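Right, one structure below, let's go through it.
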Amino acid sequence: RVPWAADGTVLGVQRSEKGSEGLFFVSTRVGVAVVKRSKALGAELFCTLLAQRLGVASPHTRIVHTNAAEGAALLNAMVAHDALGQVRTTLVDQHYVLVQSYVRGRNCNEVDYECARRMFGAELGAELDDDAAARAAAT
């Protein structure tokens, strides 16, 4: 957990252009956190826990109530480092946010056949016939 209320813990805040509901990268002294607004918090947490159970590299994820001490400290620290006011306008009506560790990776739609073969090994190629391999490479 990040001590959000401590002076100097948060170094900067940047809103992602890709997060449709509101996704912020928060740079701290201990690393980068991702703070997400979502209409499907439970579903996102469930998918993360399922991926972790299956051994897939996934971010540590928690749901934080914005009126609790940690949530209030988090939002105050973010607002203090947001010159554009995006945190306030995006997260003002949220009772809960997802707080995740930042995990560098790829979105599933970015994984093509060659990338999947490097990730999962040569046995993937053996399981696919030539037609399936050609279709996977075309997407």
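Computed quantities for the displayed model
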| read-out | value |
| --- | --- |
| Residue among LEU84, LEU50, LEU45, LEU75 that alone is hydrophobic (A, V, I, L, M, F, W, C) and part of a loop (DSSP other than H, G, I, E, B) | LEU84 |
| Only listed residue being touching a residue at least 12 places away in the same chain (Cβ under 8 Å) and hydrophobic (A, V, I, L, M, F, W, C), chosen from VAL26, VAL79, VAL56, VAL92 | VAL26 |
| Matching option when the condition is closer than 21 Å to ASP7 by Cβ and open to solvent by less than 30 Å² (accessible area, probe 1.4 Å), among ALA72, ALA83, ALA51, ALA77 | ALA77 |
| Residue list for the stretch 20-48, filter: of a type in the set (Gly, Ala, Ser), under 13 Å from the mean Cα position of the chain (by Cα) and open to solvent by less than 40 Å² (accessible area, probe 1.4 Å) | GLY22, ALA33, SER38 |
| Residues (under 14 Å from the mean Cα position of the chain (by Cα) and either crowded, with 17+ Cβ neighbours inside 10 Å or within 14 Å of VAL34 (Cα to Cα) (or both)) located in the stretch 54-69 | SER58, PRO59, HIS60, THR61, ARG62, ILE63 |
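The values are calculated or read from the model by the stated rules, or taken from the named source; none is laboratory data. This structure is a prediction, so every number in the text was calculated from the model and none was measured. Note: ideal-geometry Cβ built from the backbone for every residue, glycine included; neighbour counts use all protein chains shown. Accessible surface areas use protein heavy atoms only, side chains included; no ligands, DNA or RNA. Shrake-Rupley method; radii C 1.70, N 1.55, O 1.52, S 1.80 Å.
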